[in-house]
Amino acid sequence: MWTDLFTFNSSHPAQIVGWVIVGGIMVQVGCWAGGGVRRYVFDRRRIRLEQERLTLDIHAARLRIQSVELARSAWNGIRKFTVSQKVFECDDTYSFYLKPHDGKPLPSFKPGQYLTFQLTVPGSAKPVIRCYSLSDCARPTHYRVTIKRCPPPAGSSHPPGIGSSFFCDSIKEGDILDVKAPNGHFFLDLEKPRPVVLISGGVGVTPMVSMANALIEAGDNREIWFFFGARNSRDHMFKDYMAELVAKHPHARIHVCYSKPLPADVHGRDYHHESRVNVALFKELLPSNNYDYFLCGPGPFMESITDDLRAWGVPDSWVHYEAFGPASVKKAAPPEVKKSLNDAPVAGIEVTFSKSGITAIWDSAYDSLLDLAESRDIKIDAGCRAGNCGSCLVAVKSGEVEYLGGHGADAEKGSCLTCICKPKGKLVIDA
Ligand SMILES: Cc1cc2nc3c(=O)[nH]c(=O)nc-3n(C[C@H](O)[C@H](O)[C@H](O)COP(=O)(O)OP(=O)(O)OC[C@H]3O[C@@H](n4cnc5c(N)ncnc54)[C@H](O)[C@@H]3O)c2cc1C
Ligand code: FES
């Protein structure tokens, strides 16, 4: 009988019924098994998504805690720091590792921010105030800044920069420095997930290293594109360090541009492009223009890149930049802004410097009120000349000023940062 059942015979009704029953059972089992597999796959995916969401929530909570800590432990005024290490990076460039002298906790900071130093330089009648970007992400024990000696302008007989030379030549391990808390509006917001392009020339790489390190430390896997410009290997700071950084991140790429490679510099080993960093390179290499762009470098370098990014259709709100020192980025104003600037009666405005008893006429040829003051030999303290350190703050006695860009230092009400503002109308300031 059993052998009959497995030997197909269409005229045997019991056998047909048997096959129908077996077939039905198999379909049921198949459906159940298929549904089970689908449910299993679905559950696995749900669990994975929940885990990812949890990781992001934990990360966001950590960032919130960090920013609360930052607000709580940042200090007012000056705090003493000991130079725990001074490390040679490349020609005329050193990194300084700074530990709080009071041994108390160190506040976190946002990657891209800077420290302000009040230096006592022999021969200078007043403290020399200078800003230096933090060149690492926040660490619990120390800060790091990296400083390049500022050379005299080409062809001039002026001495090299006071502050940077003081750091390179005189500051040594064990010295104590006066430092203001981390500050600045140029930073990478780790809570925004957009991939980033970090563009720098020369010592402008310092905030970019801080940003890349912060992303790596946070386990943030967004795309990172590094474009770094130097003249040649002599100026190529953080060469090995940056290669190691990129190797630690699954979606980081680096492109090094040398404008004047040395005979010993090897294409492919030391650098990737014999050119300056430029937007044509981004168009060639980036899959789209859909990134946040962070720029830091010499003024003309940043001006040309910001203008070309705009021409490529990148919205201004995706482009973030920091000017090191007096060079400020003068973006080509969009047509409607140009019109209103042309309409504004900027020429012929009277500016009175009340302490000096001098009245000068503002003209748009001046970069700022500080520039106008200096042209009349009126002394106003200045450090960064970029609205960051607060040293050029002067009280406004009457009238109003207009700021030429964002600034990191706080301008108290009734005062102005003369390095980055101009008069709106007749003005009297306390200088
Ligand atoms: C937010 C911010 C972050 C920064 N981060 C960094 C950083 O990470 N690393 C870094 O290295 N720098 C950084 N800088 C730049 C730094 O703050 C200083 O501007 C830089 O070190 C030059 O300062 P200095 O005192 O050496 O030069 P200064 O003494 O101010 O001299 C500047 C230039 O003027 C020339 N000069 C000297 N005398 C005269 C004269 N009589 N007439 C005309 N020119 C003269 C000098 O040769 C030099 O070229 C940053 C700046 C800012 C605003
Ligand atoms: S000089 Fe630093 S804010 Fe003006």
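Just so it is clear, none of the values below were taken in a lab; they were calculated from the coordinates. Being a predicted model, the structure only gives us computed values, none of them experimental. Backbone-built Cβ (ideal geometry, glycine too); neighbour counts: all protein chains shown.
Just to be sure I follow: if Rg is taken over the C-alpha atoms of the range 196-332 and Rh is the Kirkwood radius over the same atoms, what is Rg/Rh? Write down the numbers at each step before the final one.
Working: Rg = 14.2 Å, Rh = 15.1 Å.
With Rg and the Kirkwood Rh in hand, the quotient comes to 0.94.
Quick one: what do you get for the range 344-429 if you divide its Cα Rg by 2.2 N^0.38 Å?
Here the answer is 0.96, to two decimals.
Just the number, please: Stokes-Einstein D of the range 128-203 in µm²/s, Kirkwood Rh from C-alpha pairs, 25 °C, 0.890 mPa s.
Taking Rh from Cα pairs, D becomes 158 µm²/s.
For the range 348-430, state which GluC sites (Glu not before Pro) are in a DSSP loop and have at most 13 other beta carbons lying within 10 Å of their beta carbon. Let's see the in-between values first.
Details: sites: Glu350, Glu374, Glu400, Glu402, Glu412; in loops: Glu400, Glu412.
Those that pass, being in a loop and sparsely packed, are Glu400, Glu412.
Can you tell me the relative contact order of the range 344-429? Whole percent, Cα pairs under 8 Å, sequence separation 6 or more.
35
Using Cα-Cα distances under 8 Å and only pairs 6 or more residues apart, what relative contact order does the range 196-332 have, in percent? Don't skip to the answer; put the middle values down first.
Numbers: 213 pairs, mean separation 36.0, N = 137.
With pairs under 8 Å counted, the relative contact order is 26 percent.
Could you tally up the Lys pairs in the range 162-307 with alpha carbons closer than 29 Å? Skip any pair fewer than 8 positions apart unless they're on separate chains.
Counting lysine pairs in the range 162-307 gives 11.
Identify all lysines with a Cα-Cα distance to Lys424 below 26 Å; exclude those on the same chain that are fewer than 8 residues away in sequence.
In chain and number order, the partners are Lys330, Lys331, Lys338, Lys339, Lys355, Lys379, Lys397, Lys413.
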